[in-house]
């Protein structure tokens, strides 16, 4: 029998945890499946830190594991964060104690999802993580539940709002990465240590989870190919715009005959494409299935309101008692994750060179490309002030990455070429 | 206990029913919650009609009600269609017999949803209808499950692919409504009797269902304000384009202090807006919540593959045994649907006049508008060949519909005005 009152333990009282307490206090009518949700225990790094919500009446736990296993809770909500440490210990302890878990922790699920799914299914309890990907936009539920009548072949989208905000601002204001980043940090849009976001790791965690849900394979964060936006030059944003593109950090997962490819790359997206038109801190995702075709969803990827709403939706889902595997298929039946070798990937590319202003350079570059078997789609040479040379931009037809890398290595050695050519992928979506 | 094998009865073997049989034959690994789905009975208008799937091995029923109540089925799938008649009788019979029901029937749910929800909840069985709205794009699941941690204040979108195809083609090819409609009929994109689609009734059924899910109120199709696209002139599509808009059939549901407003109108949407850029037979929807902000989803709204995938996802959902009310809140607890009077609605409008080519017309029109208290936002007079007069287009600032109607009535009586002014709403989304 399901309890009519669900006693909830919340670990972590930051933005999301505070938003959840706020939601439950504002919505006394929140009664999924006729039950009530009551917070009966909290834990956080500091008990005394000033908070917008009064927690003095809620039992306090110093130790997340003690909260997770307390006989006074029926459901454990983990909002501590981090792939290991207290978050992992507490989630494991809760599942072993037979308690359903709701978490917003993308790193934990991406790096330890398969073992946690096995624990959850052994205990026969749900492990839900809607808030881990796209905040309030229900990408997880869509893939886990709404797409089971289809075979998903790929997902691609914008999963990190901080990167999208920075790229949008760089383009709109003509400011450098470093300038926009420090402003974003001042405004609270970027962390003091921005590595997880701008390095592409946060997006990689998220798309690793989506790949597992989409393809029924074990999440494999180690197999993700990750490139962040910290190397994106304003020059490339401008040249890409002249060619009809915008630069976006595209996270994608594709199922091919060779296996699964999970990638995060700054990529060119044609202007007018919904991902190119996704601006600021928004997130967006295309899901492609063999029967349904393409579905697009777009919405907020972070923030107290949206993320807490996603956590609350998961709590409601636990209260409705579904019997559902964590990642589309039972944990014991997850397909092995066969990674496609990066060199085997085929796609269109943008190459930007910086060359000396002298005759014969274009001929030398195009001969080298022809020798390597790279076919050019478009070519743009444009004088840019203060670029330290003459930029040449070319886009290629679809080509294997191994061929492209070979061509880049050879072009770099040409005497008139001033630096290693800059490679950006052109998104296939 | 849940049966390990779910015996499914399917009523209706048209596009969607055929697609469902196809899916289940292609996917022997379809095993939600560890169960298997097996078709153990079918019924349709004709047993002998040629079909792409061989049904000779499946027990045949002449009567949908007999199938719905057969002891040989655990789950009834209704794909017959129609708000009354055999579809309604069979769904009622199945629910009364304690069998879960999955349906794609928007008319049935929009017109009889509250009483069917009560039957389902009395029997303690699910009644699911993902395929009724937006085909394979999971709008129903999003509103019913993913948005329960938020308070939805409005939805607005394109819910009828036939209308969107016709409007897109009219604009792109400069063809009249009648010409594009007959071509769409030849290509199978529009029914022989297109009234349900082009009259806006299909979109109204769908948005009635979305309103119930979004606001937890009983579906009230009778309260929907409905205007189709059959009166949209190519002239207006062209003039709207000159003003920076496209015309789309927008279905919306809004929760206001006065009550709920459910409307279907051909409306102007600014170029570049995701709904203006939704072309052809695609469907798209904005969902706005107080916490999450805005979520946008876009995808196929019809077709065998997408719609059958939605039905299969609902079957999977039944097999996971959730305990969930049909429309967000228990049937006995649905809020009464308080409709906002159409005259109280406030919004911007597009008015197109056809006037005699003589001096003083513009003065007369603008004086009349000023007297009525209508404030003009933009004004366009443009000679158009064969229009039978001089078209004048104006857009207004936000204004109550009652004021607007009064102004239209008075303008119609001006001596230089050749016909009743044409009113189109400017979408607020």
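Quick grid of which residues meet (1) closer than 26 Å to residue A:34 by Cα; (2) buried (at least 20 other Cβ atoms within 10 Å of the Cβ):
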site: B:53; (1), (2): no, no
site: B:61; (1), (2): no, yes
site: B:73; (1), (2): no, yes
site: B:84; (1), (2): no, no
site: B:88; (1), (2): no, yes
site: B:91; (1), (2): yes, yes
site: B:97; (1), (2): yes, no
site: B:120; (1), (2): yes, yes
site: B:126; (1), (2): yes, yes
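Starting from residues that are in a strand (DSSP E or B) and more than 17 Å from the chain's Cα centre (by Cα), keep the ones in segment B:250-278 and report whichever is nearest to the other protein chains (Cβ to nearest Cβ).
B:270
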(Q) Which of the numbered conditions does residue A:229 fail, given that it passes all the others? Conditions: (1) in contact with a strand residue (DSSP E or B) (Cβ under 9 Å, 6 or more places away or on another chain); (2) more than 21 Å from residue A:195 (Cβ to Cβ). (A) (2)
**Q.** Residue check for residue A:209: under 21 Å from residue B:138 (Cα atoms), more than 11 Å from chain B (Cβ to nearest Cβ) and in contact (Cβ under 8 Å) with a residue 40 or more places away in the chain
**A.** yes
Q) Only one residue in A:30, A:23 is touching a residue at least 60 places away in the same chain (Cβ under 8 Å), assigned to a loop (DSSP other than H, G, I, E, B) and within 14 Å of chain B (Cβ to nearest Cβ). Which one? A) A:30
(Q) For segment B:289-319, give me each residue that is within 17 Å of the chain's Cα centre (by Cα), more than 7 Å from chain A (Cβ to nearest Cβ) and modelled with pLDDT of 95 or more. (A) B:307
Q) With respect to residue A:208, is the statement that it is closer than 20 Å to residue A:106 by Cα, in contact with a helix residue (DSSP H, G or I) (Cβ under 9 Å, 6 or more places away or on another chain) and surrounded by fewer than 24 Cβ atoms within 10 Å (Cβ to Cβ) true? A) no
Q) Here are some residues: A:289, A:272. Which one is touching a helix residue (DSSP H, G or I) at 6+ places or on another chain (Cβ under 8 Å) and assigned by TED's automatic domain parsing to the domain that holds residue A:168? A) A:289
Q. Here are some conditions: (1) within 14 Å of chain A (Cβ to nearest Cβ); (2) touching a strand residue (DSSP E or B) at 6+ places or on another chain (Cβ under 9 Å). Residue B:322 meets all but one. Which one does it not meet?
A. (2)
Q.
When you scan segment B:402-422, do you find a residue that is touching a residue at least 60 places away in the same chain (Cβ under 8 Å), more than 28 Å from residue B:261 (Cβ to Cβ), out of contact with any helix residue (DSSP H, G or I) (no Cβ under 9 Å at 6 or more places or on another chain) and not assigned by TED's automatic domain parsing to the domain that holds residue B:245, even just one?
A. yes
Q | Selection within segment B:33-47 - surrounded by fewer than 17 Cβ atoms within 10 Å (Cβ to Cβ) and part of a helix (DSSP H, G or I) | A | B:34
Q | Test set (1) touching a helix residue (DSSP H, G or I) at 6+ places or on another chain (Cβ under 7 Å); (2) surrounded by fewer than 24 Cβ atoms within 10 Å (Cβ to Cβ); (3) at pLDDT below 95 - residue B:141 fails condition number | A | (3)
Q.
Can you tell me which residue is nearest to the chain's Cα centre (by Cα) among those in segment B:100-123 that are touching a residue at least 60 places away in the same chain (Cβ under 8 Å) and in a loop (DSSP other than H, G, I, E, B)?
A. B:104
Q: Answer yes if at least one residue in segment B:328-350 is within 14 Å of chain A (Cβ to nearest Cβ) and under 30 Å from residue A:150 (Cβ atoms), and no otherwise.
A: yes
(Q) I'd like to know if segment B:153-162 contains one or more residues that are within 19 Å of residue B:279 (Cα to Cα) and surrounded by fewer than 18 Cβ atoms within 10 Å (Cβ to Cβ). (A) no
Q: Given the conditions (1) surrounded by fewer than 24 Cβ atoms within 10 Å (Cβ to Cβ); (2) within 27 Å of residue B:386 (Cα to Cα), report the number of the one that residue B:247 does not fulfil.
A: (1)
Q) Quick one: how many residues across segment B:48-79 are in a loop (DSSP other than H, G, I, E, B) and over 22 Å from residue B:210 (Cβ atoms)? A) 21
Q. Which condition number does residue B:52 fail, the rest of (1) closer than 29 Å to residue A:322 by Cβ; (2) more than 24 Å from the chain's Cα centre (by Cα); (3) more than 14 Å from every other protein chain (Cβ to nearest Cβ) being met?
A. (1)
Q | Hits in segment A:163-194 (condition: more than 19 Å from residue A:274 (Cα to Cα) and out of contact with any helix residue (DSSP H, G or I) (no Cβ under 9 Å at 6 or more places or on another chain)) | A | A:178, A:182, A:185, A:186, A:187, A:188, A:193
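The values are calculated or read from the model by the stated rules, or taken from the named source; none is laboratory data. Everything numeric here is computed off the predicted structure, so don't read it as measured data. Ideal geometry is used to build each Cβ from the backbone, glycine not excepted, and the neighbour counts take in all protein chains shown.
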